[in-house]
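The values are calculated or read from the model by the stated rules, or taken from the named source; none is laboratory data. For clarity, every value in this text was computed on a predicted model and none was experimentally measured. So basically every Cβ, Gly included, is an ideal-geometry build from the backbone, and we count neighbours across all protein chains shown.
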Amino acid sequence: MRWFLIASVTLLSCLAPMETWADTNSDHIALKTLLKNTQQAFNTKNFELLMPYIASGSFTVITIDGHKLESLKTFQAYWHDILHKSKTGLERIEVNPIADGPTEFLAENVGICHGTSNDRYYFTGGDIKTMPERWTAVLLKEGGVWKISRIIFSANILDNPVLSGTRESMGQLILWAALGGLLTGALGMWLIRYRKTI
């Protein structure tokens, strides 16, 4: 009977929540601060704020459009290109990440967190579109500091207001170009006829 009790206690200790491996209270406070700093870095486009929170040698971002970026520098360049070089018509993006719940600790120095983000996309024409997204982050504790190792973004490709907004912006651009072409053509025809009457 005694061996049965010892085995039961041992089994229960193995099945206990993994969160008991760490000081979850201070860890969760640090992770909430990390989430807040990440949001600020995105919304101010100041990714230097994230430098102290990037895991050494193991940082990867999977973007919403399927790019795999393996450094903060390449992610920063990607973000800049979306807002300045691409034809999306985007002026800025405002992220609003909310965790589904506390970070799950897979080990004393490894955590995984996931949540949603109703991000606002501001277009140069004045339109504002809100797109619900999901994200998952893998976190590592290095030197007593929680850092981002992996982050994956995803969105519904079948119901995507930002894609619709981009199409609308492109449609308006094409419409204005067509109207400009018609007006130029009409003006040209008028000039040709006017010259013939002189």
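Determine, yes or no, whether M18 is at pLDDT 90 or above and either closer than 19 Å to G111 by Cα or within 29 Å of the chain's Cα centre (by Cα) (or both).
No.
Looking only at segment 118-165, count every residue that is of a type in the set (S, T, N, Q) and without any contact (Cβ under 8 Å) to a residue 24 or more places away in the chain and tell me the total.
Number of matching residues: 1.
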Does G126 count as modelled with pLDDT of 70 or more and at positive phi?
yes
Cβ-Cβ below 6 Å, separation at least six or inter-chain, first residue in segment 45-68 and among the β-branched types (V, I, T), second surrounded by fewer than 17 Cβ atoms within 10 Å (Cβ to Cβ) and outside any strand (DSSP E or B): which pairs?
T60/E70
